[in-house]
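Below: one structure, written as structure tokens.
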Amino acid sequence: MSSSQSSSSSSEALVASGLTPLYDVVCRVDVVLGTASMTVRDCLNLKCQTIIRLNEPAGDDMQVTVNGIAVATGEIVIVDTSTALRVTEILPPPSSEGHE
């Protein structure tokens, strides 16, 4: 099945499920580069050129969250003069974890 057929099928499924009124709802999308823990003292001492060591290894995929919920992972790419994210994996909905 081609990607256009696949997205057409997905769109038809959404229409059939009654989600059409939600098509234009705006959601906050964040791409999380990494995480770290710091003391309040370290936070207060932050200044330009400070390096914050992240917990994730270099080259790991970034996490994509929509309204605070992790929905996908992806890798950073450059498109023309913009930075973008190529989605590499769609994560299962949080409610489905542990039900497989």
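The values are calculated or read from the model by the stated rules, or taken from the named source; none is laboratory data. This is a predicted model, so every value here is computed, not measured. Don't worry about glycine lacking a Cβ; one is built from the backbone with ideal geometry, like all the others, and counts go over all protein chains shown.
Could you grab me the full set of residues in the range 36-65 that are surrounded by 10 or more Cβ atoms within 10 Å (Cβ to Cβ) and among the hydroxyl-bearing types (S, T, Y)?
If the condition is that a residue be surrounded by 10 or more Cβ atoms within 10 Å (Cβ to Cβ) and among the hydroxyl-bearing types (S, T, Y), then T65 is the only one that fits.
Pull up the range 66-99, narrow it to residues that are loosely packed, with under 10 Cβ neighbours inside 10 Å and hydroxyl-bearing (S, T, Y), then point me to the one that is nearest to the chain's Cα centre (by Cα).
T83
Could you list all residues from the range 87-100 that are over 18 Å from C27 (Cα atoms) and at pLDDT 95 or above?
Within the range 87-100, T88, E89 qualify.
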